[in-house]
Protein chains: 2
Amino acid sequence: MEKSLKYILPESELPKKWYNIQADLPGEIPPPFNPAKGQPSTPEELLAIFPKDLIMQEVSRERWIEIPDEVYEIYKIWRPAPLIRARRLEKALNTPAKIFYKYEGVSPAGSHKPNTAIPQAYYNKINGINNLATETGAGQWGSSLALAGTFFDMNITVFMVKISYDQKPFRKTMMQLWGATIHPSPSEITNYGKAILKEIPDTPGSLGIAISEAIEMAVTHENTNYALGSVLNHVLLHQTIIGLECKKQFEALNIYPDIIIGCVGGGSNFAGIAFPFIQDKINKIKKTEIIAVEPFSCPTITRGKYAYDYGDTAKMTPAIKMHTLGHSFIPAAIHAGGLRYHGMAPLVSYVKELGLINAVAYHQIPVFEAGALFAKTEGIIPAPESTHAIRCAIDKAIECKNKNEEKIILFNLSGHGHFDMVSYEKYMNGLLTNYELPQEAINKALEELPEVKL
Amino acid sequence: MEKSLKYILPESELPKKWYNIQADLPGEIPPPFNPAKGQPSTPEELLAIFPKDLIMQEVSRERWIEIPDEVYEIYKIWRPAPLIRARRLEKALNTPAKIFYKYEGVSPAGSHKPNTAIPQAYYNKINGINNLATETGAGQWGSSLALAGTFFDMNITVFMVKISYDQKPFRKTMMQLWGATIHPSPSEITNYGKAILKEIPDTPGSLGIAISEAIEMAVTHENTNYALGSVLNHVLLHQTIIGLECKKQFEALNIYPDIIIGCVGGGSNFAGIAFPFIQDKINKIKKTEIIAVEPFSCPTITRGKYAYDYGDTAKMTPAIKMHTLGHSFIPAAIHAGGLRYHGMAPLVSYVKELGLINAVAYHQIPVFEAGALFAKTEGIIPAPESTHAIRCAIDKAIECKNKNEEKIILFNLSGHGHFDMVSYEKYMNGLLTNYELPQEAINKALEELPEVKL
């Protein structure tokens with residue numbers, strides 16, 4: 001093992017099932033709630049925007065869910081993704097720790113997002129749906145659904161947060177090349193968008209607003225559904241392919257990670273790498289330390305409240321129980337756009353409440369420092385979101401050095417930074433900011449939580 | 001085989017030696033020539049800018065050259081590169097042909113260029129050199145050498161063609177992130193650059209000028225060498241790792257390609273995939289059709305002359321015998337910047353003269369059409385250079401359809417297009433041009449070839 005660097009599974013070892021953590025959790029996660037009706041949401045209510053198969057996965061308690069052949073064949077374009085030992089980073093840190101990273105940037109869209117975009121498009125297609133609407137911030141999710149759309153010959157409409165639409169034209173071009181239609185959000189093509197534009201004509205937009213527009217389109221258009229890139233149970237389920245592959249790769253190496261790290265926005269890449277290992281933790285087989293890393297500017301787990309809240313700004317979604325900063329919370333304009341979400345996946349929130357994971361938050365400049373060190377030692381330029389996981393992995397490796405511990409650290413390198421060079425240029429020119437976040441800003445947004453009586 | 005899509009070699013199968021085609025060629029390629037001295041260049045003359053080990057490789061007739069451990073370990077970050085069957089493209093074309101592509105975009109710099117940047121940096125380092133100067137057009141080569149520089153802790157100076165420096169700021173940022181120093185070329189820091197700027201202050205620059213500046217820096221600075229990203233024998237040697245892997249992958253599939261395709265600028269990615277197969281052709285084991293694809297705007301093989309010419313504009317290099325359009329030829333501003341070179345690798349030129357390969361040239365719009373179709377069917381967005389190979393593969397697959405032939409087609413997908421979205425946006429908006437190239441433009445440049453009497 002000492003000599004080798006990269007661990008690729010033989011293709012025949014690509015897992016054929018996703019892992020559903022709901023089968024192993026003690027208790028059940030609190031159900032979605034419809035505040036307007038004053039009672040829990042029914043699966044039927046979700047049929048207006050999601051296909052039956054995905055709703056079934058959302059509520060399933062089956063431990064293993066078969067990956068359909070059509071999805072499996074597309075996964076194989078870039079999966080199994082490599083597990084790489086960061087030997088040069090270890091050397092630069094002079095640490096006895098062994099650092100491994102799972103590299104999800106090998107997908108055509110450059111991140112882990114296609115892992116769920118592909119099955120979401122597939123299940124919609126076989127349920128008779130030809131049109132999908134979604135939102136995107138920095139563009140990772142929108143481009144992944146656009147990619148899925150081209151594979152299944154579907155029409156994809158993406159509401160792209162206006163400031164990103166203007167500042168990140170290349171992600172937009174990428175989506176258009178894959179055949180998607182892109183609107184800056186807020187747009188003139190939904191009632192909610194029009195209302196916002198009337199109120200604040202020069203708004204930069206937000207992810208919450210874009211979600212509301214996409215849902216409105218799904219609800220009001222024929223043969224059109226909505227697709228979400230994180231947060232929901234079925235999204236996290238699809239991402240478990242990441243951790244399942246890692247488990248097989250570590251098995252082949254005859255080792256097991258002591259520490260597992262992922263960045264969290266909505267929680268999907270973190271859940272993807274962590275949940276298959278959390279299974280062993282629930283079953284008391286292992287005591288792995290598992291850490292979710294969030295930006296200081298959007299500290300959903302570390303400073304938010306575990307409470308029912310809406311997933312979007314217009315309150316169109318059911319209320320779900322999660323760590324939240326309040327659906328009206330608007331995070332500072334950090335470059336890790338994919339982590340700027342006010343809530344956290346209910347399943348991630350639940351395992352946090354159970355004490356199965358920890359969470360930490362980092363400022364913007366130290367995460368970019370970590371990203372730059374990683375690029376200089378390992379070569380790969382990480383997405384700003386992924387640099388949060390790298391920062392934490394580095395800090396843990398330094399801790400190992402100080403304590404002279406040979407721990408095995410695994411983190412998820414969820415995407416590459418090829419479309420984020422503006423951020424790196426700003427970093428190198430000393431133009432990045434560590435935004436402070438006064439408690440009052442959080443408290444104010446938390447005042448608007450919906451009333452839920454179960 | 002029918003079911004599977006991607007073929008990754010087990011890491012243990014990564015070739016440990018490069019293949020030197022000079023061992024198998026009938027006859028010897030014509031030697032480099034020093035027009036100033038009126039006699040062939042000696043290996044000693046090259047010591048001013050290249051390390052001894054690389055000069056030895058340049059002139060070696062050994063068939064197999066060992067890959068040093070230090071290089072091998074870095075290769076393993078992204079190698080073995082996947083061989084992927086383009087099933088969706090086949091289906092879109094309704095062809096009985098089987099289309100395979102070798103994907104070199106998985107390297108941290110996004111192309112095949114690190115295959116040679118890494119060993120070049122390594123051999124310079126062990127020969128006591130800490131500083132390398134080079135040129136870059138679109139930025140693929142410059143960023144690859146910058147990457148190699150960070151791995152071996154060397155100072156890399158890149159002269160970037162001015163128009164690219166201004167138009168492609170992200171490749172520049174990428175190189176800076178890896179620690180390289182970038183100058184727009186022509187620059188004020190070389191005599192040649194200053195002279196050009198005095199004559200034409202608003203020149204957009206050219207690859208030939210940038211090469212001259214980099215060589216001048218290597219010649220005039222202590223502990224500084226020059227590194228070239230294509231053309232030379234040792235560069236092509238390093239790239240044979242591509243074809244050697246392909247051979248093993250096809251062996252595992254128990255098939256052999258009937259047609260092999262690569263795009264050509266200086267010739268290195270084409271040579272990389274083709275030379276190990278040309279060995280079988282020389283040995284009469286196989287009759288594979290091997291095709292070099294060039295842009296219509298820079299038709300070095302299809303319309304150039306096989307003659308001695310300089311590699312750069314300032315005539316600093318030895319004259320080498322190659323297909324050339326003349327060292328003063330300036331190709332139209334096509335988006336495939338990596339193919340805008342007036343000459344062709346002497347080894348590629350030689351195998352063309354021997355009838356071992358063919359060449360074709362394509363206009364800009366049809367290659368982008370091919371690139372867009374590839375992105376929509378296979379998901380991966382190709383570099384504009386690589387779209388030339390795709391266009392040819394598609395045309396061959398259509399030919400197979402018309403003749404009802406089940407041929408196996410292999411092409412080199414030499415890089416991704418993540419830094420070329422401006423080109424794709426122009427393509428989608430109908431703003432690309434098919435540049436015509438009058439014969440007089442070529443004839444004029446060919447008048448300036450050096451006189452060589454052997």
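Here is a yes/no grid of residues against (1) assigned to a strand (DSSP E or B); (2) in contact with a Pro (Cβ under 8 Å, 6 or more places away or on another chain); (3) closer than 27 Å to B:GLY193 by Cβ; (4) within 14 Å of chain A (Cβ to nearest Cβ):
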residue	(1), (2), (3), (4)
B:SER297	no, yes, yes, no
B:ILE301	no, no, no, no
B:THR313	no, no, yes, no
B:HIS327	no, no, yes, no
B:ILE334	no, yes, yes, no
B:GLY343	no, no, yes, no
B:ILE365	no, no, no, no
B:PHE368	no, yes, no, yes
B:PHE374	no, yes, no, yes
Review point. Got a number for residues in segment A:232-278 being out of contact with any strand residue (DSSP E or B) (no Cβ under 9 Å at 6 or more places or on another chain), assigned to a helix (DSSP H, G or I) and among the polar types (S, T, N, Q)?
Key: 2
Point to revise | Leading residue by the ranking (farthest from the other protein chains (Cβ to nearest Cβ)) among those in segment A:44-103 that are among the small types (Gly, Ala, Ser) and under 30 Å from A:LYS403 (Cα atoms) | key: A:ALA97
**Study point:** Boolean, B:GLU425 is more than 14 Å from chain A (Cβ to nearest Cβ) and either among the charged types (D, E, K, R) or within 30 Å of B:PRO35 (Cβ to Cβ) (or both)
**Key:** no
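Do you know which of the residues in segment A:269-302 that are more than 18 Å from the chain's Cα centre (by Cα) and acidic (Asp, Glu) is farthest from A:PHE368 (Cα to Cα)?
Among residues in segment A:269-302 that are more than 18 Å from the chain's Cα centre (by Cα) and acidic (Asp, Glu), the one farthest from A:PHE368 (Cα to Cα) is A:ASP280.
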Check your understanding: within 14 Å of chain A (Cβ to nearest Cβ) and either in contact with a His (Cβ under 7 Å, 6 or more places away or on another chain) or surrounded by 23 or more Cβ atoms within 10 Å (Cβ to Cβ) (or both): does that describe B:SER414?
Key -> no
Review point. If you check B:ILE409 against the conditions, is it in a loop (DSSP other than H, G, I, E, B), of a type outside the set (Phe, Trp, Tyr) and buried (at least 22 other Cβ atoms within 10 Å of the Cβ)?
Key: no
Check your understanding: Restricting the search to segment B:388-412, which residues are in contact with a strand residue (DSSP E or B) (Cβ under 8 Å, 6 or more places away or on another chain) and under 21 Å from B:VAL264 (Cβ atoms)?
Key -> B:HIS388, B:ALA389, B:ILE390, B:ARG391, B:CYS392, B:ALA393, B:LYS396, B:ALA397, B:ILE409, B:LEU410, B:PHE411, B:ASN412
**Study point:** Residue count, segment B:153-172 (criterion: surrounded by 23 or more Cβ atoms within 10 Å (Cβ to Cβ) and closer than 17 Å to B:GLN120 by Cα)
**Key:** 3
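Tell me which residues, restricted to segment A:439-454, are of a type in the set (Asp, Glu) and not in a helix (DSSP H, G or I). I'd like the intermediate steps shown before the answer.
Just the residues of segment A:439-454 that are of a type in the set (Asp, Glu), to begin with: A:440, A:447-448, A:451.
Correct list: A:GLU447, A:GLU448, A:GLU451.
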Review point. Of all residues in segment B:288-328, which are small (Gly, Ala, Ser), over 19 Å from B:ILE261 (Cα atoms) and surrounded by 24 or more Cβ atoms within 10 Å (Cβ to Cβ)?
Key: B:GLY304, B:GLY311, B:ALA319
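With a cut-off of at least 2 residues that are not polar (S, T, N, Q), name the strands (runs of 3 or more DSSP E) lying wholly within segment B:153-231.
On the way: elements: B:155-161, B:181-185, B:224-226.
Per the criteria, B:155-161, B:181-185.
Report the residue count in segment B:152-185 for those that are more than 14 Å from chain A (Cβ to nearest Cβ) and modelled with pLDDT of 95 or more.
Step one: filter segment B:152-185 for residues more than 14 Å from chain A (Cβ to nearest Cβ), giving B:157-164, B:166, B:183-185.
Adding the requirement that they be modelled with pLDDT of 95 or more leaves B:157-160, B:183-185.
Number of matching residues: 7.
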Exercise for review: Enumerate the pairs (first residue in segment B:58-77 and farther than 18 Å from B:SER107 by Cα; second residue anywhere and modelled with pLDDT under 95) with beta-carbon separation below 8 Å, excluding pairs fewer than 6 apart on the same chain, so at least 6 apart or on different chains.
Suggested key: B:GLU58/B:PRO43; B:GLU58/B:LEU46; B:VAL59/B:PRO43
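For B:ILE442, indicate whether it is more than 14 Å from every other protein chain (Cβ to nearest Cβ), within 22 Å of B:PRO331 (Cα to Cα), buried (at least 16 other Cβ atoms within 10 Å of the Cβ) and β-branched (Val, Ile, Thr).
On the way: more than 14 Å from every other protein chain (Cβ to nearest Cβ): yes; within 22 Å of B:PRO331 (Cα to Cα): yes; buried (at least 16 other Cβ atoms within 10 Å of the Cβ): yes; β-branched (Val, Ile, Thr): yes.
Taking the combined requirement at face value, the residue satisfies it.
So which residues in segment B:412-438 are assigned to a loop (DSSP other than H, G, I, E, B), of a type in the set (A, V, I, L, M, F, W, C) and farther than 30 Å from B:TYR7 by Cα, if there are any at all? Outline the logic, then answer.
Narrowing segment B:412-438 to residues assigned to a loop (DSSP other than H, G, I, E, B): B:414, B:417-420, B:429-438.
Adding the requirement that they be of a type in the set (A, V, I, L, M, F, W, C) leaves B:419, B:431-432, B:437.
Answer for segment B:412-438, where residues must be assigned to a loop (DSSP other than H, G, I, E, B), of a type in the set (A, V, I, L, M, F, W, C) and farther than 30 Å from B:TYR7 by Cα: B:LEU431, B:LEU432, B:LEU437.
Looking at segment A:349-363 only, could you name the residues that are in a helix (DSSP H, G or I) and closer than 16 Å to A:CYS298 by Cα? First the steps, then the outcome.
If we filter segment A:349-363 for residues that are in a helix (DSSP H, G or I), which is where we start, we get A:349-353.
Listed by number, the list holds a single entry, A:SER349.
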Check your understanding: So B:LYS76 fits all but one of (1) modelled with pLDDT under 95; (2) surrounded by 22 or more Cβ atoms within 10 Å (Cβ to Cβ); what number is the exception?
Key -> (2)
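Which of the residues spanning segment A:148-170 are on the phi < 0 side of the Ramachandran plot, out of contact with any Ser or Thr (no Cβ under 8 Å at 6 or more places or on another chain) and of a type outside the set (Lys, Arg)?
In the first step, residues of segment A:148-170 are kept if they are on the phi < 0 side of the Ramachandran plot; the result is A:148-152, A:154-170.
Still in the running and out of contact with any Ser or Thr (no Cβ under 8 Å at 6 or more places or on another chain): A:148-149, A:151-152, A:154, A:163, A:166-170.
A:ALA148, A:GLY149, A:PHE151, A:PHE152, A:MET154, A:ILE163, A:ASP166, A:GLN167, A:PRO169, A:PHE170 - these are the residues of segment A:148-170 that are on the phi < 0 side of the Ramachandran plot, out of contact with any Ser or Thr (no Cβ under 8 Å at 6 or more places or on another chain) and of a type outside the set (Lys, Arg).
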Check your understanding: Of the conditions (1) under 23 Å from B:LYS168 (Cα atoms); (2) among the hydrophobic types (A, V, I, L, M, F, W, C); (3) within 14 Å of chain A (Cβ to nearest Cβ), B:LEU339 fails just one. Which one is it?
Key -> (3)
**Study point:** Residues of segment B:396-437 that turn out to be under 19 Å from B:ILE84 (Cα atoms) and among the charged types (D, E, K, R), as a count
**Key:** 3
Review point. Counting residues that are over 16 Å from the mean Cα position of the chain (by Cα) and closer than 28 Å to A:PRO331 by Cβ, which strands (runs of 3 or more DSSP E) fully inside segment A:42-150 reach at least 1?
Key: A:98-103, A:131-136
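The values are calculated or read from the model by the stated rules, or taken from the named source; none is laboratory data. None of these values were measured; they are calculated from a predicted model. So basically every Cβ, Gly included, is an ideal-geometry build from the backbone, and we count neighbours across all protein chains shown.
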